[in-house]
Amino acid sequence: MDSFIPVEKINTLLKRTRDVPLRDINSIIQKGISLKGLELEEAAALLQCTDKEKVNEIYCAAGSVKESVYGKRLVLFAPLYLSSTCINSCLYCGFRRENRVAERNVLTYEEVALETEVLIRDGHKRLLLVAGEDPARCGIDYIERAIEVIYGTRTEVGGIKRVNINVAPMSVKGFQRLKSTGIGTYQLFQETYHQPTYRRFHPAGPKSDYITRLFALDCAQEAGIDDVGMGVLFGLYDYRFETLALLCHVRHLEGEFGVGPHTISVPRIEPASNSPISKHPPYKVSDESFKKLVAILRLAVPYTGMILSTREDAIFRDELLNIGISQISANSKTYPGGYSRKDNSGNSSGQFLLGDKRTTSEVINDISRHGFTPSFCTACYRVGRTGREFMDYAKPGQIQRFCLPNSLLTFKEYLLDFGADNLQKAGEAIIREQLASIKDQKIRSATKKKLKEVEEGGRDMYF
Ligand code: SF4
């Protein structure tokens, strides 16, 4: 199979759009605001725009697109690392097989349950399972059982409702098994779309095969996993090329399956233990460029969930919430056992170092202060609103008919079960305000009714 990334075309567009007149930039921004998405050339023009005022307009436009599609809600999740063993050699990663310093670990099922319990008691309903590539110790049999253990773990405050997955690609058969465990989204990042750079940073192991990785989300779709997530590890190659190539991947999936990515993740390379390249990324992306690429992705793919991890520091994360991010992780630990181990000894052996070390309740406090509604919603996956059906709601901005009420119900539940007194007061004020902002009177009264039920002890309410 040949790559579907049109390298020549991307390079030509990047040359051609170096000096696009500001009036054309204006029209592109207006098109973005209208939720029509962007053509490759339009995205290239915005990526090359350096006019400060226009760049600020791009940020504002991205914020308004996010709000038109998803409203004020911000979905929260936590990663759960199953293993730190890996047979690949990715030069930027603390888990690479040559790294003799890192402690190696695959969680037992008892440990998976312990980690899950801690996360449930922290308020989480949605997890992202992460594992290194290690078919002998952490293959599909292990992953299937681990997911079963997570869904089966219950505490006095409920359980995990949705498990998303970020593990190595599989055959269509493997993906079918994964699908039948009841996963939400399957995520896989290409890391870099630039093939020579890919070869350089992935010198050995199955992951060194660029083409197999490029078509892995096709395999997942063929296996029936209709919510897939993609991403780039920014810093390995020119962010402008990567952003346009990622958009080509989006259009490829839309063309082949009629469904684009459910999520796009934007990890930026962070120092990892004993991985010199991660400390000196060859194409370090500045904060300004990073903000720009996040905003442009939001304008280009308005319907997608955009995920920001705890790689970024707290202040910068809060800033990015206003320009298109719709999902964030909180209280992350990036090594197996990180939540339930008392000694934190695995900290330095994490996959990368964390920028945001706030607890979940601190993140929730800050989100609320910035006017967003924290959401633990898992409704779409529960009612089968996935793939094309999800897109039919998300593309015209109709999904917030569900997102907003569900964010209020799950936030209310969080406040009652986990919220400290000061958060309760602020949280209730946000709920009142957001409830009043629901325009459809029927939805507003239905939400009010369900909020009352939550108040009276009802749990796990959603539309
Ligand atoms: S309603 Fe659907 S899209 Fe909205 S937050 Fe819930 S699960 Fe996500």
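The values are calculated or read from the model by the stated rules, or taken from the named source; none is laboratory data. Computed from a prediction, not measured in an experiment: that's the story for all the values here. Please note: Cβ atoms are built from the backbone with ideal geometry, for glycine as well, and neighbour counts cover all protein chains shown.
Key figures for this structure:
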{"read-out": "Meets criteria (more than 17 Å from residue 368 (Cβ to Cβ), at pLDDT 95 or above, more than 14 Å from the ligand (Cβ to nearest atom) and within 27 Å of the chain's Cα centre (by Cα)) for residue 444", "value": "no"}
{"read-out": "Options 379, 436, 446: the member that is assigned by TED's automatic domain parsing to the domain that holds residue 130, among the small types (Gly, Ala, Ser) and touching a helix residue (DSSP H, G or I) at 6+ places or on another chain (Cβ under 9 Å)", "value": "379"}
{"read-out": "Residue match in the range 373-389 (condition: assigned to a helix (DSSP H, G or I) and on the phi > 0 side of the Ramachandran plot)", "value": "yes"}
{"read-out": "Spans of helices (runs of 4 or more DSSP H) in the range 108-179 with at least 2 residues surrounded by 20 or more Cβ atoms within 10 Å (Cβ to Cβ)", "value": "109-121, 140-152"}
{"read-out": "Among residues of the range 452-463, those that are buried (at least 16 other Cβ atoms within 10 Å of the Cβ) and away from the ligand (no atom under 16 Å from the Cβ), counted", "value": "0"}
{"read-out": "Residue check for residue 26: free of Cβ contacts under 8 Å to residues at least 40 places away in the same chain and under 23 Å from residue 372 (Cβ atoms)", "value": "no"}
{"read-out": "Neighbours by Cβ (under 7 Å, 6+ apart or cross-chain): first from the range 127-139, in the same structural domain as residue 76 (by TED's automatic domain parsing); second among the basic types (Lys, Arg) and modelled with pLDDT of 95 or more", "value": "133/207"}
{"read-out": "Candidates 20, 101, filtered to the one that is of a type in the set (Val, Ile, Thr) and either assigned by TED's automatic domain parsing to the domain that holds residue 363 or surrounded by fewer than 17 Cβ atoms within 10 Å (Cβ to Cβ) (or both)", "value": "101"}
{"read-out": "Of all residues making up the range 367-392, the number that are within 8 Å of the ligand (Cβ to nearest atom) and farther than 18 Å from residue 126 by Cβ", "value": "0"}
{"read-out": "Positions within the range 47-87 being among the β-branched types (Val, Ile, Thr) and within 16 Å of the ligand (Cβ to nearest atom), in sequence order", "value": "65, 69, 75"}
{"read-out": "Exclusive hit being β-branched (Val, Ile, Thr), within 24 Å of residue 238 (Cα to Cα) and in a helix (DSSP H, G or I), set 29, 5", "value": "29"}
{"read-out": "Conditions (1) at pLDDT 90 or above; (2) under 19 Å from the mean Cα position of the chain (by Cα): number failed by residue 339", "value": "(2)"}
{"read-out": "Test result for residue 425, part of a helix (DSSP H, G or I) and at pLDDT 95 or above", "value": "no"}
{"read-out": "Contacts under 7 angstrom Cβ, first residue in the range 300-311 being in a helix (DSSP H, G or I), partner away from the ligand (no atom under 16 Å from the Cβ), 6 or more apart", "value": "300/37; 300/38; 300/43; 300/247"}
{"read-out": "Search result, residues across the range 405-419 that are more than 15 Å from residue 446 (Cβ to Cβ) and either in contact (Cβ under 8 Å) with a residue 24 or more places away in the chain or within 11 Å of the ligand (Cβ to nearest atom) (or both)", "value": "410, 411, 413, 414, 416, 417, 418, 419"}
{"read-out": "Matching option when the condition is within 12 Å of the ligand (Cβ to nearest atom) and either at positive phi or out of contact with any strand residue (DSSP E or B) (no Cβ under 7 Å at 6 or more places or on another chain) (or both), among 431, 399", "value": "399"}
{"read-out": "Selection count, the range 426-458, where residues are under 16 Å from residue 366 (Cβ atoms) and not small (Gly, Ala, Ser)", "value": "1"}
{"read-out": "Of all residues making up the range 212-240, the number that are part of a helix (DSSP H, G or I), touching a helix residue (DSSP H, G or I) at 6+ places or on another chain (Cβ under 6 Å) and among the hydrophobic types (A, V, I, L, M, F, W, C)", "value": "2"}
{"read-out": "Answer from 273, 332, 345 - the residue that is farther than 27 Å from residue 7 by Cβ and at pLDDT 90 or above", "value": "332"}
{"read-out": "Sole residue being free of Cβ contacts under 8 Å to residues at least 40 places away in the same chain, among the polar types (S, T, N, Q) and not in a helix (DSSP H, G or I), chosen from 50, 12", "value": "50"}
{"read-out": "Some residue of the range 32-39 being outside any loop (DSSP other than H, G, I, E, B) and either within 28 Å of residue 269 (Cβ to Cβ) or within 21 Å of the chain's Cα centre (by Cα) (or both)", "value": "yes"}
{"read-out": "All positions within the range 187-211 that are surrounded by fewer than 16 Cβ atoms within 10 Å (Cβ to Cβ), in contact (Cβ under 8 Å) with a residue 24 or more places away in the chain and in a loop (DSSP other than H, G, I, E, B)", "value": "203, 204"}
